[in-house]
Amino acid sequence: MNSLNTKAGVLLLTLATTFIGSAHAAAPYDLVQPKMREMIKVANQAMNSGNIEKAIAYTDLILVQSEIKYSINTDNIPDYQRDSSRSAAHKAIDAWTEALDGEVKFTEVEPSQANLRIKFETDVRSVGSEVAGYAVWQRQVYDWGNGNYSPKLSGDISLRSKTPTGRDMPEGAIIHSACHEIGHLLGLWDSPNFGDVMGPLHLKKPITKPSEAEVSALQEARQVAQEISQTCQAQKAANGYKH
Ligand SMILES: [Zn+2]
């Protein structure tokens with residue numbers, strides 16, 4: 001919603017989020033999504049019960065398989081806004097690439113091959129309210145039986161190119177929105193803190209990269225997944241030698 005915070009006198013635009021799938025109950029101020037925590041538990045339990053393939057599928061999902069293939073669609077915004085909007089989205093992606101030390105590779109592809117589709121619109125709404133950005137995503141492990149599992153991550157991000165009053169969204173605000181929504185894809189939860197990219201967007205003071213706290217929260221979760229994955233890969237190799 002485009003609301004005027006009278007105390008601080010700032011214009012705020014909400015960054016909306018929507019989940020497909022299970023309900024979530026957030027522990028206070030955990031910057032990592034409860035769903036991610038849950039998946040780490042599932043991976044750990046699968047590993048401990050010897051279901052190595054399942055554990056690996058879950059850790060792959062948590063680690064986004066080290067690659068996000070994305071597309072950017074600017075068809076619905078005016079011509080003159082297309083290059084700058086695309087460039088702002090790229091800046092958000094660069095910010096994440098840098099924050100994660102290149103551990104997650106972002107590759108731009110055709111929409112049909114993308115698991116993350118980024119779309120610009122002049123107006124973006126969530127449940128009727130004007131929002132700066134909006135993300136819908138799905139993280140799922142398919143169980144095909146016989147010990148075969150495949151992880152699937154997909155997401156759609158909508159970003160606003162115009163403010164609710166019809167001006168062009170400032171570049172920094174688009175970067176903030178894009179960075180925020182990509183953060184959800186990577187496993188972060190909304191932050192209550194100004195100064196966090198997962199926090200509220202202040203149009204005049206946008207945050208253009210994840211904060212140290214956000215990066216370390218995400219990295220800590222990824223590290224746990226990485227360790228489970230490595231243990232499982234080693235177990236798998238050891239099993240292989242027995243044959
Ligand atoms: Zn959010």
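The values are calculated or read from the model by the stated rules, or taken from the named source; none is laboratory data. This structure is a prediction, so every number in the text was calculated from the model and none was measured. Don't worry about glycine lacking a Cβ; one is built from the backbone with ideal geometry, like all the others, and counts go over all protein chains shown.
A few comments on the model shown:
- Residues satisfying the criterion are absent from the stretch 133-143 (criterion: more than 16 Å from the ligand (Cβ to nearest atom) and of a type in the set (Lys, Arg)).
Okay, residues lined up against (1) near the ligand (Cβ under 10 Å from one of its atoms); (2) crowded, with 24+ Cβ neighbours inside 10 Å; (3) part of a loop (DSSP other than H, G, I, E, B):
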position	(1), (2), (3)
CYS179	no, yes, no
ILE182	no, yes, no
PRO192	no, no, yes
GLY199	yes, no, yes
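- Number of the condition not met by GLY172 [criteria: (1) within 16 Å of the ligand (Cβ to nearest atom); (2) at pLDDT 95 or above; (3) closer than 21 Å to ALA213 by Cβ]: (1)
- Filter pass, GLY187 being closer than 25 Å to THR59 by Cα, among the small types (Gly, Ala, Ser) and in contact with a strand residue (DSSP E or B) (Cβ under 8 Å, 6 or more places away or on another chain): yes
- Residue within the stretch 215-222 that is hydroxyl-bearing (Ser, Thr, Tyr), surrounded by fewer than 22 Cβ atoms within 10 Å (Cβ to Cβ), without any contact (Cβ under 8 Å) to a residue 12 or more places away in the chain and more than 15 Å from the ligand (Cβ to nearest atom) present: yes
- Strands (runs of 3 or more DSSP E) completely within the stretch 98-169 that count 2 or more residues being modelled with pLDDT under 95, more than 21 Å from LEU201 (Cα to Cα) and within 15 Å of the chain's Cα centre (by Cα): 129-145, 148-160
- Identity of the residue in the stretch 49-69, without any contact (Cβ under 8 Å) to a residue 60 or more places away in the chain and out of contact with any helix residue (DSSP H, G or I) (no Cβ under 7 Å at 6 or more places or on another chain), that ends up surrounded by the most Cβ atoms within 10 Å (Cβ to Cβ): GLU67
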